[in-house]
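Report on the following structure.
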Amino acid sequence: MNEARLLSIPVILGTPRQGRLSEHVARVMLEQLGKRAAVQTALVDVRTLRLPSTDAGEAIKDPQFSEMVMHADGLIIVAPEYNHGYPGILKHALDTNLKEYIHKPVGLCGVSAGGFGGTRVVESLVPVMRELGLVTIFWDLNVSAAGKAFDASGQLLDMALPRRADKMIDELLWMARVLRYGRENIPAD
């Protein structure tokens, strides 16, 4: 395996809503990934994807998003919990790709204003990830009471969050290296 090549790990911010607290969590994930010498990352904001609502799936691919996912070695999805589920626009965006996801790891980060830390959004995303061909790592990041984790200007107040994010990132990067080796060296018969 070519260890000199950086791992590409985009962070998908899964809601377009105004005042979204998950944006602050996505920023923490980007910062933590940015501290890793062997990683390149970028934010994919569903708010900026060009996804018409007149069709669905691969028929409406955003070429830049698809290209980024094709070359990614893994993904992090930051998704707020809305009514015990994930935002519809996130599902709409994820469904635009298929072959681009196969045998790539994904780390799920659930965000909630309540006390369950987005665990229900993570639980509802797991079968979707499986159907898309992504490999869900076993360590999730759940952010409870997101309004208390950051101040009004978005500055981090929960100093344990970066450490918890790093634990998830460690597992994701290990899995990304293993699955990249597999994709490049082991034929899928």
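The values are calculated or read from the model by the stated rules, or taken from the named source; none is laboratory data. Treat the numbers as computed from the prediction; the structure is a model and nothing was measured. When we count neighbours, we look across all protein chains shown, and the Cβ atoms used for this are built from the backbone with ideal geometry, even at glycine. Keep in mind that these areas ignore ligands, DNA and RNA; they rest on the heavy atoms of the full protein, side chains included. Shrake-Rupley method; radii C 1.70, N 1.55, O 1.52, S 1.80 Å.
Structural remarks
- Among the candidates H84, H71, the residue that is over 19 Å from S8 (Cβ atoms) and open to solvent by 80 Å² or more (accessible area, probe 1.4 Å) is uniquely H84.
- The number of residues in region 1-34 that are in a helix (DSSP H, G or I) and either open to solvent by less than 10 Å² (accessible area, probe 1.4 Å) or not basic (K, R) (or both) comes to 12.
- Any chance L49 is within 26 Å of E81 (Cβ to Cβ), without any contact (Cβ under 8 Å) to a residue 24 or more places away in the chain, within 17 Å of the chain's Cα centre (by Cα) and surrounded by 15 or more Cβ atoms within 10 Å (Cβ to Cβ): no
- For region 87-121, the tally of residues that are open to solvent by less than 10 Å² (accessible area, probe 1.4 Å) and acidic (D, E) stands at 1.
- Boolean, Y101 is under 14 Å from the mean Cα position of the chain (by Cα) and among the hydroxyl-bearing types (S, T, Y): yes
- Considering region 148-157, and only residues there that are of a type outside the set (F, W, Y) and surrounded by 13 or more Cβ atoms within 10 Å (Cβ to Cβ), the residue that is nearest to G115 (Cα to Cα) turns out to be A149.
- Among (1) surrounded by fewer than 20 Cβ atoms within 10 Å (Cβ to Cβ); (2) among the hydrophobic types (A, V, I, L, M, F, W, C); (3) touching a residue at least 24 places away in the same chain (Cβ under 8 Å); (4) out of contact with any Asp or Glu (no Cβ under 8 Å at 6 or more places or on another chain) - the single one A37 does not satisfy: (3)
- Taken over region 52-66, the residue count meeting the criterion of being surrounded by 11 or more Cβ atoms within 10 Å (Cβ to Cβ) and either outside any helix (DSSP H, G or I) or among the basic types (K, R) (or both) is 3.
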